[in-house]
Amino acid sequence: MTFFKDNPVCNLFKIDFPVISGGMVWASGARLAAAVSNAGGLGLIGAGSMKPELLEEHIDKAFKATKHPFGVNIPLMIGHSKDHIDICIEKKVQVVFTAAGNPALYTQKLKDAGITVAHVVPNAKLALKAQNSGCDAVVAEGTEAGGHNGKDGLTSLVLWPSVADKVKIPLIAAGGIGTGRAMAAAFALGASGVQIGTRFAVSTESTAHQNYKDACVKADGGSVRIFNTAHMPIRALLNPYVNEYIKKECAGESIESLLSFRGKGRTKTGIFEGDIEDGEMDAGQVCELINEVLPVKEIMNRLIEQFFVAKNL
Ligand SMILES: Cc1cc2nc3c(=O)[nH]c(=O)nc-3n(C[C@H](O)[C@H](O)[C@H](O)COP(=O)(O)O)c2cc1C
């Protein structure tokens, strides 16, 4: 633990280990966030799939379930984001991670309320924008990541050092991390913390359906693909729905027609309700390395143990 004594991410968020569970639609409620915070990391509640009242409930539950800091992830492109920001301020949430939008939009407002802010980016240009908007940290997410991806398609190996060289605020690496070895690699490339999604989605405490967790365990990295590339790339498990979507994309169907085929509620159907044929199961390439569903505490223990071995400590 003394290794992380001077770690900028630990100091910023007042946590023992520089490990953050990413906000994940339909998977990261209060239970997962509190479990990660209780294990020494920073758990995030994913507001993306929540109506404002539900987010309030989850924040109240998380305050009851942990004495440690936790945060809320707010994707800015969704309809409720302004309400979500106001709720975080009202409820005195300590940390907010914004994503998928302009970091200049709410950072100052959140900072004025005493909230620590990080923003998720897919390239170095946006990382600089996050820094210039007053963010306290930046999450650089490589294309290996599950869920919505940037259009750049930069791999973590290229993205992390590029961002590390350009910004002064702490870099949190995301995309493809599920082991302590990958965490050590992220540190070697300039990160001082990691944000992990898929590995925590496949934990006991995640609210993802058991069918989703089993599908991730069964999948290898090659069966987790990017689709919806022209509109907003998404990385998800291949299934009949995603296969059909890709077929339509390759046939040159218009964005309107593709979006109408996707319809509404596909992530709920796939991740939360466990429809592995017709639902969308956002997940990262790291499925290649995930062989079982584990409790958060065990995931954290293994990560930190492997990290120290990899660093020869
Ligand atoms: C099921 C799922 C849902 C996600 N939903 C969100 C979200 O609502 N907001 C967000 O900023 N990122 C979201 N992400 C991305 C994660 O927060 C995280 O950055 C990413 O999963 C890291 O890459 P990894 O999956 O390789 O660990 C999601 C990822 C997954 C797997």
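Each residue in region 4-63 was checked for being part of a helix (DSSP H, G or I), of a type in the set (G, A, S) and either within 24 Å of G180 (Cβ to Cβ) or in contact with a Leu (Cβ under 7 Å, 6 or more places away or on another chain) (or both), and 5 pass. Restricting region 192-217 to residues that are within 13 Å of the ligand (Cβ to nearest atom) and part of a loop (DSSP other than H, G, I, E, B), the residue that is farthest from K311 (Cα to Cα) is H209.
Taking region 203-246 as the range and being under 10 Å from A283 (Cβ atoms) and among the aromatic types (F, W, Y) as the test, only Y212 passes. The single condition among (1) surrounded by 19 or more Cβ atoms within 10 Å (Cβ to Cβ); (2) farther than 23 Å from E141 by Cα that V296 does not meet is (2).
Looking at region 263-276, is at least one residue surrounded by fewer than 24 Cβ atoms within 10 Å (Cβ to Cβ), of a type in the set (S, T, N, Q) and assigned by TED's automatic domain parsing to the domain that holds L32? Within region 263-276, none of the residues are surrounded by fewer than 24 Cβ atoms within 10 Å (Cβ to Cβ), of a type in the set (S, T, N, Q) and assigned by TED's automatic domain parsing to the domain that holds L32. Close contacts from region 69-90, counting a first residue that is within 26 Å of D16 (Cα to Cα) and within 11 Å of the ligand (Cβ to nearest atom) and a second that is of a type in the set (S, T, Y) and assigned to a helix (DSSP H, G or I), with Cβ to Cβ under 6 Å and a gap of 6+ residues or different chains, come to I74/S81.
Out of curiosity, is E253 touching a helix residue (DSSP H, G or I) at 6+ places or on another chain (Cβ under 9 Å) and either in the same structural domain as N149 (by TED's automatic domain parsing) or within 14 Å of the ligand (Cβ to nearest atom) (or both)? Criteria not met by E253.
Among the residues in region 244-267, are any closer than 13 Å to A27 by Cα and in a helix (DSSP H, G or I)? It would help to see each step written out before you state the result.
Taking region 244-267 and keeping what is closer than 13 Å to A27 by Cα, we get 267.
Add one more test, that the residue is in a helix (DSSP H, G or I), and what stays is 267.
Checked against the condition, which is being closer than 13 Å to A27 by Cα and in a helix (DSSP H, G or I), region 244-267 yields at least one hit.
Of all residues in region 272-286, those that are in a loop (DSSP other than H, G, I, E, B) have Cβ atoms under 8 Å from Cβ atoms of residues that are away from the ligand (no atom under 13 Å from the Cβ) and modelled with pLDDT under 95, 6 or more apart or on another chain, in E280/R262.
Looking only at region 121-134, residues that are crowded, with 24+ Cβ neighbours inside 10 Å and either among the polar types (S, T, N, Q) or more than 14 Å from the ligand (Cβ to nearest atom) (or both) come to 1 in all. Restricting T207, T198 to those that are in contact with a helix residue (DSSP H, G or I) (Cβ under 9 Å, 6 or more places away or on another chain), crowded, with 24+ Cβ neighbours inside 10 Å and among the hydroxyl-bearing types (S, T, Y) reduces the list to T198.
Considering only residues of region 214-237 that are of a type in the set (K, R) and under 18 Å from E141 (Cα atoms), which is surrounded by the most Cβ atoms within 10 Å (Cβ to Cβ)? If you could, list the steps in order and put the result at the bottom.
If we filter region 214-237 for residues that are of a type in the set (K, R), which is where we start, we get 218, 225, 235.
Next cut, under 18 Å from E141 (Cα atoms) only: 225, 235.
Details: R225: 16, R235: 22.
In this case the residue turns out to be R235.
The values are calculated or read from the model by the stated rules, or taken from the named source; none is laboratory data. From a predicted model like this one, the values you see are computed outputs, not experimental measurements. Every residue, glycine among them, receives a Cβ derived from its backbone with ideal geometry; neighbour counts consider all protein chains shown.
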